[in-house]
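Have a look at the structure below, then the notes.
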Amino acid sequence: MSSTTVQSLSRATTATFEELALLFPEQELSPEQAAAPLDVAVSVEFRGPQRGRLVLRASSTILSSIAANMLGEDASRERPLQRDALGEIANVICGNVLPAIAGVEAVFHLSAPYVHEGVDVVSRGADEPTASIMFGLENGRAEAVLYLFSDMDDAEPVAQGAVSAA
Amino acid sequence: MAFNVLVVDDSAVMRQMVVRTLRMSGLPLGMVLEAGNGEEGLFVLQEQWVDLLLLDINMPVMNGEEMLRRLRAAPETASLPVIVVSTEGSETRLAALQELGAAIVRKPFAPETLRDTILRITGVTDVEYYGPVPVAGDDSDF
């Protein structure tokens, strides 16, 4: 299941960035991208047949491009809008990855995206991600991480991968 | 014909993005109104007539499905063209919305997808909007 989940996360992430933000995730990171800090994060909680969280971490250097492509040049300079735009991307990724892993009949309820400043506040202590992907975007990078929670705390270990074409 | 449009979505970013797409699409727009949830949307519709509703599903206070059911139960909005613009992936839920007469556009969407769906459900055709397509006659230079 792990590799399938990674593929589903990769497809949803790639398609969302390409269509919503007109940005193309790069599988191979340049030295500049690899060195860019992941200093902004947004998360979306979900509940339904499975419960969990989608976290999208990104370099703040790419936020203005995301906002500009989604909302126009004027909005790209407004910091709150930049973060809200990243939140919408996380929301759409989450909404697209869940049917892929739980089936198209499953009904999920998604929370509003929550913006985190800093990178350590988005995991719940011992939570292990079920899948994660890292990719380059313009002069920075981003990481999508999917957590599936279980009452028995028996989440599978993380399966890591790189973004593939949608 | 200029369209008055109501966009209902709890995300200000997504409302702005949908409105931007509408303006870039070339559709003849009149008023573009916005609401943050279904309840606010119903209130707007009590005050203003619109020709088209773009509706999110997952929203606080009143979700899009409930708003759509209320619209269909009211004679004055029973046939209002509605496009659900949502990340919703449940086919069960999408089928219920389609039974209520809504067209579906999944996020993420390409601007052309939204534009084409609007043209389809409003009955406006490219020919009506862009005018008659010129046809080369026998005296054409080509």
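The values are calculated or read from the model by the stated rules, or taken from the named source; none is laboratory data. This structure is a prediction, so every number in the text was calculated from the model and none was measured. Note that we place each Cβ from the backbone using ideal geometry, even for glycine, and neighbour counts take in every protein chain shown. Remember, those area values only see protein heavy atoms, side chains included, never the ligands or the DNA or RNA. Shrake-Rupley method; radii C 1.70, N 1.55, O 1.52, S 1.80 Å.
Which condition breaks for residue A:82 when tested against (1) farther than 26 Å from residue A:3 by Cα; (2) part of a strand (DSSP E or B)?
So the condition that residue A:82 fails would be (2).
Give the residue, chosen from A:38, A:22, that is under 18 Å from residue B:18 (Cβ atoms), open to solvent by 10 Å² or more (accessible area, probe 1.4 Å) and not polar (S, T, N, Q). Talk me through it step by step, then tell me what you get.
Numbers: A:38 fails: under 18 Å from residue B:18 (Cβ atoms).
Matching residue, one of A:38, A:22: A:22.
Residues being more than 7 Å from chain B (Cβ to nearest Cβ) and charged (D, E, K, R): count how many of those fall in region A:86-100.
0
Has region B:24-44 got any residue that is assigned to a helix (DSSP H, G or I), farther than 17 Å from residue B:84 by Cβ and either touching a residue at least 60 places away in the same chain (Cβ under 8 Å) or basic (Lys, Arg) (or both)?
Looking for residues that are assigned to a helix (DSSP H, G or I), farther than 17 Å from residue B:84 by Cβ and either touching a residue at least 60 places away in the same chain (Cβ under 8 Å) or basic (Lys, Arg) (or both), one finds at least one in region B:24-44, hence yes.
On the given criteria, is residue B:53 under 30 Å from residue A:48 (Cβ atoms), modelled with pLDDT of 90 or more and in a helix (DSSP H, G or I)?
Numbers: under 30 Å from residue A:48 (Cβ atoms): yes; modelled with pLDDT of 90 or more: yes; in a helix (DSSP H, G or I): no.
When the stated conditions are applied, residue B:53 does not pass them.
Counting only residues that are within 7 Å of chain B (Cβ to nearest Cβ) and at negative phi, which one in region A:62-74 is surrounded by the fewest Cβ atoms within 10 Å (Cβ to Cβ)? Write out each step before concluding.
Step one: filter region A:62-74 for residues within 7 Å of chain B (Cβ to nearest Cβ), giving A:70-72.
After this cut, where a residue has to be at negative phi as well, the list is A:70-71.
Working: A:70: 25, A:71: 23.
Filtering first and then ranking leaves A:71.
Got at least one residue in region A:127-136 being within 14 Å of chain B (Cβ to nearest Cβ), over 25 Å from residue A:31 (Cβ atoms), open to solvent by 40 Å² or more (accessible area, probe 1.4 Å) and at pLDDT below 90?
Here is the first cut: in region A:127-136, the residues within 14 Å of chain B (Cβ to nearest Cβ) are none.
No; the residues of region A:127-136 include none that is within 14 Å of chain B (Cβ to nearest Cβ), over 25 Å from residue A:31 (Cβ atoms), open to solvent by 40 Å² or more (accessible area, probe 1.4 Å) and at pLDDT below 90.
Results for (1) small (Gly, Ala, Ser); (2) within 22 Å of residue B:90 (Cα to Cα), shown as yes or no for each residue.
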{"position": "A:11", "(1), (2)": "no, yes"}
{"position": "A:15", "(1), (2)": "yes, yes"}
{"position": "A:19", "(1), (2)": "no, yes"}
{"position": "A:25", "(1), (2)": "no, no"}
{"position": "A:43", "(1), (2)": "yes, yes"}
{"position": "A:53", "(1), (2)": "no, yes"}
{"position": "A:70", "(1), (2)": "no, no"}
{"position": "A:74", "(1), (2)": "no, no"}
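Checking residue A:104 against (1) part of a helix (DSSP H, G or I); (2) open to solvent by 30 Å² or more (accessible area, probe 1.4 Å); (3) more than 17 Å from residue A:24 (Cβ to Cβ): exactly one of these is not met. Which one?
(1)
Here is a yes/no grid of residues against (1) open to solvent by 40 Å² or more (accessible area, probe 1.4 Å); (2) under 30 Å from residue A:63 (Cα atoms); (3) more than 14 Å from chain A (Cβ to nearest Cβ); (4) touching a helix residue (DSSP H, G or I) at 6+ places or on another chain (Cβ under 8 Å):
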| position | (1), (2), (3), (4) |
| --- | --- |
| B:6 | no, yes, yes, yes |
| B:20 | yes, yes, no, yes |
| B:51 | no, no, yes, yes |
| B:75 | yes, no, yes, no |
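Looking only at region A:9-36, how many residues end up being of a type outside the set (A, V, I, L, M, F, W, C), more than 24 Å from residue A:72 (Cα to Cα) and without any contact (Cβ under 8 Å) to a residue 24 or more places away in the chain?
1
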